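Right, one structure below, let's go through it.
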Amino acid sequence: MKPPFTAAIAQSLKHILVAALLLPAITLWAVAAETSDIRFENRQKQSGVEFILNNGTTDDKPIIDAVPGGVALLDYDNDGYLDIFFTNGARIPTLIKDTSAFYNRLFHNNRDGTFTDVTDRAGVRGEGYSMGAAVADFDNDGWADIYVTGINRNILYHNNADGTFTDVTSRAGVTGITNGKKLFSVSAAWIDYDNDGHLDLFVTNYLDWTAQTSSVCGDPGKRLSCPPSLYKGEPNILYHNNGDGTFTDVSIATGIAAQLGKGMGVAIGDYDGDGWMDIFVANDNERNFLFRNRKGHGFDEVGVESSVAYTEDGVPLSSMGVDFRDWNNDGKPDLFVTALGGETFPLFRNDGDGIFSIETYKAGIGFSSFRMSGWGAGIYDFNNDGYKDLFSSNSHVSENADIDPQQHYLQPNAVFRNQQDGTFLDVSGQAGADMSVRAAHRGCAFGDLNNDGKVDVAVSAIGSPAELLYNTSTVTNHWIIIQTRGVKSNRDGIGTRIKLTQQSGLVQYNHVTTAGSYASSSDKRVHFGLGAETLIREIELRWPSGIVQILRNVKADQVLKVTEEQR
C-alpha cells in the first residue's frame, strides 16, 4: 500500500497515453457493453446474512484496520449447498473481541435463498483480530475444516460432523507462532505440496507490527494508513501434514522461510505442468513471489526469473489479491493480481516456458484498473460461454483517501468480460445496479450459492453490510460443476487438474483449489461454462496421485461428483 502519488504512477503514464489513443475503440466497446450478458444482484437484505466487517478503527488509523477481512464459501454440513463464513476484527489496541460486533460469523444456507446465523452453535466466534480464512478437509474425514488467520494467533477449527467445530490449533501445531514470535498472518492456502494424500498448509505473513510500534501518518483528523515500507516484512510459513492430525513447520527445510516479504494474497497452480502445485504470493509494495515446487522436496523462489515479481517497468506494486487460473484456454494457469489506484491490476499470461508476459494493457484492463484499488480477485466464467472472466472487489486502503481528489475510499466492484480473443471488456457499469454500489470492499469468495450453474460472489465490506452478489446473467448457456473426491489423493482432490473438451472442440482447463482472492476461500467445486452445448465430449482428471481418469459423453447442467479411481 503506497501513498497516492508514487513512482508507479509515473511509470504508468506512458500506458495512459496509449489508452488515450485507443479512446475511440474504448467508446465503441462501452456502447456494445450496454447490453452486457453478465449481471449481478445483491440479495443480502432478504438473505438473513447480517454481517458488517468491524475493523475497530481508531483515530490514528493503524495499518491493521485497513487489511481485514476474508470470506469463505464452504459446505460445512455436506448438504450440497454453500454456507458462508466471515472473519472480523477486534478492539484496538487490545485486539480482543470484547463485543459480538467483532465475532467471526458462520451462516448456514437454508437452500431457499436465506441463511441462518449458526456461529454460537458451531463454536466459531474466534479470538483476537482475525484476517483471513482457508477451508479444506485437512484430515480426510469428509468434512470441511476452517483455518483462520490473524494477528498474533491463527486458529484451526476441526469439523465435528455434527454442526460444531473444535479448536485444535495447539495440538495440530499451526498457531502461526514461529520461534516464539507471534506473526501477522493474512491469507492461507491448503496444498498437498508433496502429493502424499494429506493437505499441507501455506500461510502468508505481512508486517512486523505491534500496537506499541504502530506508526502514525497524515495530519490529525485526516490520518492515512501508513505505507508498509515503515515496517519490516515477515517470512511465510509452510506446515507439513503428518497425517495424524498434527503438522510440522517445514518453512526452513523447504526454502520458504528464506524469503522475507509482505505477504497478502496467495494462490496455487501448476504453472509449469509437472504435476506439482506451485505457490504465488502477492506482496505489498515488495516483489511478488512464485515458489516453484521441486517435486515435493522444497521450493525455489523464481518470481523475478518468471517475470511476475514486478511490472514490465520493474516496479513492485501494492499487490493485494490474486487468482491463478487459465483465462485464455491454452492449458497453462495465468495470474490476475489486484493493486492500488494508479498501479493497474497486472494480468500475467503464462507463456509455457517458465516465463509470464504482462498483458494488462494489451488485454484491455489497464485503463480501467488504473483508476481502481482492488482486494479480492477471481478468474471465473460468469456468463457460461466457455471463457473465464475477471472480478475484483474494490476500495482504497485509506479511510481518508478522499483528501486527494484523485483517490476515492469507497469504490464499486468490477467485472471484466472475456472477449474470447485475448482481451477483456470492463462491463461493471452494465452488470446491474448493485455493481455500482460504492463501499469499502475487501475479501470476496466465489461459488454457486443456489446451485443454478452460475458463479456468485460473497463480498465483505468495512462498515457496511456484506454483499451477496447472485449471478443473474440472462444468458441460457449450459454448464457443469465438478466435485472431486480423492481416494489415494487428498479427500478434497485439491491439486487435481481438469481438462474439458467440448463437442465443438473447444478445450478448457481448471484445477481444484479453495485458495485465491484476498484472505478468502472459494468453493472447492470446479465450474465450467459450456455455451450452447449440452453434451461434453471428454473430461480428463489428473489427480495429485498421478492417476489419470477420463469421462466421456457427460451431460451438461449438473453437479457431477467424481471419485478417484482406485488402481
Practice item. Grab the strands (runs of 3 or more DSSP E) fully contained in the range 82-129, keeping just those with 1 or more residues being closer than 17 Å to ASP145 by Cβ and modelled with pLDDT of 95 or more. Key: 83-86, 105-109
Check your understanding: Which condition does VAL148 not pass, out of (1) closer than 28 Å to SER398 by Cβ; (2) open to solvent by 10 Å² or more (accessible area, probe 1.4 Å); (3) not small (Gly, Ala, Ser), if it passes all the others?
Key -> (2)
Practice item. Hand me the list of strands (runs of 3 or more DSSP E) wholly inside the range 168-254 holding 3 or more residues that are touching a residue at least 24 places away in the same chain (Cβ under 8 Å). Key: 185-191, 200-205, 222-224, 237-241, 247-249
Exercise for review: Check whether at least one residue in the range 301-318 is under 26 Å from ASN154 (Cα atoms), in contact (Cβ under 8 Å) with a residue 12 or more places away in the chain and open to solvent by less than 10 Å² (accessible area, probe 1.4 Å), and report yes or no.
Suggested key: yes
Point to revise | Candidates VAL186, VAL216, VAL174 - the one that is modelled with pLDDT under 95, hydrophobic (A, V, I, L, M, F, W, C) and either within 26 Å of ASP402 (Cα to Cα) or open to solvent by less than 20 Å² (accessible area, probe 1.4 Å) (or both) | key: VAL216
Review point. Exactly one of (1) touching a helix residue (DSSP H, G or I) at 6+ places or on another chain (Cβ under 9 Å); (2) closer than 30 Å to GLN503 by Cα; (3) open to solvent by less than 10 Å² (accessible area, probe 1.4 Å) is unmet by ARG417. Its number?
Key: (3)
Check your understanding: Has the range 350-362 got any residue that is touching a residue at least 40 places away in the same chain (Cβ under 8 Å), buried (at least 24 other Cβ atoms within 10 Å of the Cβ) and aliphatic (A, V, I, L, M)?
Key -> no
Revision key, fill the gap. When every residue in the range 494-548 that is of a type in the set (S, T, N, Q), more than 18 Å from the chain's Cα centre (by Cα) and open to solvent by 10 Å² or more (accessible area, probe 1.4 Å) is compared, the one nearest to ARG567 (Cα to Cα) is SER545
Practice item. Filter the range 268-313 for residues that are closer than 18 Å to VAL512 by Cβ, out of contact with any Leu (no Cβ under 9 Å at 6 or more places or on another chain) and part of a strand (DSSP E or B) and give the result. Key: ILE268, ASN293
Study note, to complete from the structure: Considering residues that are over 21 Å from LEU260 (Cα atoms) and hydroxyl-bearing (Ser, Thr, Tyr), the number found within the range 152-201 is 5
Review point. If you scan the range 272-284, which residues turn out to be open to solvent by less than 20 Å² (accessible area, probe 1.4 Å) and either of a type in the set (Phe, Trp, Tyr) or without any contact (Cβ under 8 Å) to a residue 40 or more places away in the chain (or both)?
Key: ASP278, PHE280
Check your understanding: Within the range 65-88, which residues are free of Cβ contacts under 8 Å to residues at least 40 places away in the same chain and open to solvent by 10 Å² or more (accessible area, probe 1.4 Å)?
Key -> ASP79
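The values are calculated or read from the model by the stated rules, or taken from the named source; none is laboratory data. These numbers come from a predicted model, not from an experiment. Please note: Cβ atoms are built from the backbone with ideal geometry, for glycine as well, and neighbour counts cover all protein chains shown. SASA here: full protein model, heavy atoms, side chains in, ligands and nucleic acids out. Shrake-Rupley method; radii C 1.70, N 1.55, O 1.52, S 1.80 Å.
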